[in-house]
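Undergrad: One structure is given below, represented as structure tokens, and several questions about it will come after.
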Amino acid sequence: MPALDTLLEIHGLDYAYGSRQAVRSASLQVRRGEVLGLLGPNGAGKTTLISCIAGLLAAYRGSISFAGAPFRPATDGNQRAWLGLVPQELALYEEMTARENLAFFAGLQGVAPERLVAAIDTALALAGLQDRQHDRVRTFSGGMKRRLNLAMGDLHGPQLLLLDEPTVGVDPQSRNHIFECLGTLQQQGRTLIYTTHYMEEAQRLCNRVAVMHEGAVIGIGTPAELAAQTQVPDADLETVFLKLTGKKLRDEP
């Protein structure tokens, strides 16, 4: 793969919570402009890997590089600005309106004052919440909160957007809206890492998929490439996952 095509590279990443090894020698490359899925059951290490990339966890072994240079967002605020994070837990203030939440987080993300109004308007449009922008977030449905949470992560126009299971607990209509949002962001040139334990989401959204199992990345590629790697031609992702791990996707590790 040409160096210019690689935005993020992870090599030999290890992270442990005390005696529990959460990520084991994980290595992968993320290409510019792609949606890379991290597919695995709960406990596979997806959130821990995302947290290391985002700079939320620093005490890991191994290396991370961004556009070919060492990447240490845990200690470098300038590098953190290259990333957007949509966490699994909602990061919203319930008593503030949608617009107030966006304005507050835009300030934290360093959005320039002259860009503030335009950035908020763009985020509201992305989330489909223009008509509810002055309503308190506590009045929103779960799906509306998820959509606002997604728009929050993209406010400052990051080069790489990290999404940790952003459709958990949402209704089908909001899930489809989130899928449309992600398609829009990719068309705008964003690079996305998308963690999920829903096979159909990975199949629908992702250009390539990295399969995680017990903290390790055990396969990466397009669904067709993964099928070839497992010597099951034309297999779907569920069959590939079962072949790689010996268990169904939603089994607990």
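Quick note: the coordinates plus some simple rules give every number you see, no bench work behind them. Worth saying up front: this structure is predicted, and the values here are computed from it rather than measured. As a convention, Cβ positions derive from the backbone with ideal geometry for all residues, glycine included, and neighbour counts pool all protein chains shown.
Undergrad: Neighbouring Cβ atoms within 10 Å as the yardstick, rank 174, 27, 19 fewest first. Write out the running numbers ahead of the final one.
TA: On the way: 174 20, 27 15, 19 5.
Lowest count first: 19, 27, 174.
Undergrad: Neighbouring Cβ atoms within 10 Å as the yardstick, rank 96, 212 fewest first. Mind showing how you got there, number by number?
TA: Working: 96 15, 212 29.
So the residues, fewest neighbours to most, are 96, 212.
Undergrad: So, in nm, how far is label residue 117 from label residue 95 when the simple model puts each one 7 Å beyond its Cα toward the Cβ?
TA: A separation of 2.9 nm, rounded to one decimal place.
Undergrad: Here is a further query. So, in Å, what gap is there between the alpha-carbon centers of the stretch 60-137 and the stretch 18-46?
TA: Using only Cα atoms to place each centre, the spacing works out to 22 Å.
Undergrad: Using 0.36 nm per residue of separation minus the Cα-Cα distance, give me the extension gain between residue 207 and residue 59 in nm, one decimal. Write down the numbers at each step before the final one.
TA: Values: separation 148, 0.36 × 148 = 53.28 nm, distance 3.04 nm.
Using 0.36 nm per residue and subtracting the Cα-Cα distance, I get 50.2 nm.
Undergrad: What FRET efficiency would be calculated for the residue pair residue 229, residue 17, taking the C-beta separation as r and a Förster radius of 30 Å, to the nearest 0.05? Before the final figure, lay out each step's value.
TA: On the way: r = 30 Å, r/R0 = 1.01.
About 0.50, to the nearest 0.05.
Undergrad: If r is the Cβ-Cβ distance from residue 32 to residue 200 and R0 is 25 Å, what FRET efficiency results, to the nearest 0.05? Walk me through the numbers on the way to the answer.
TA: Details: r = 26 Å, r/R0 = 1.03.
So the FRET efficiency works out to roughly 0.45.
Undergrad: Going by C-beta contacts inside 10 Å, put 136, 20, 99 in order with the fewest on the left. Walk me through the intermediate numbers first.
TA: Values: 136 15, 20 8, 99 19.
Neighbour counts put them in this order, fewest first: 20, 136, 99.
Undergrad: With +1 on each Lys and Arg Cβ and -1 on each Asp and Glu Cβ, and nothing else charged, work out how big the dipole of the stretch 118-213 is about its Cα centre, in Debye to the nearest 20. Write out the running numbers ahead of the final one.
TA: Working: 10 positive and 10 negative charges, 20 e Å.
In total the dipole reaches around 100 debye.
Undergrad: Now for a separate question. Please give the contour-minus-distance gain from residue 67 to residue 187: 0.36 nm per residue of separation, less the Cα-Cα distance, rounded to one decimal in nm.
TA: Result: 41.2 nm gained on full extension.
Undergrad: Further question on the same structure: Between residue 76 and residue 242, what FRET efficiency follows from the Cβ-Cβ distance if R0 is 45 Å, with the result rounded to 0.05? If you can, show how the numbers build up before the last one.
TA: Working: r = 41 Å, r/R0 = 0.90.
Here the calculated transfer efficiency is 0.65.
Undergrad: Further, regarding this structure: Which three extents, in whole angstrom, do the alpha-carbon atoms of the stretch 1-128 cover along their principal axes, largest first?
TA: 43, 35, 27
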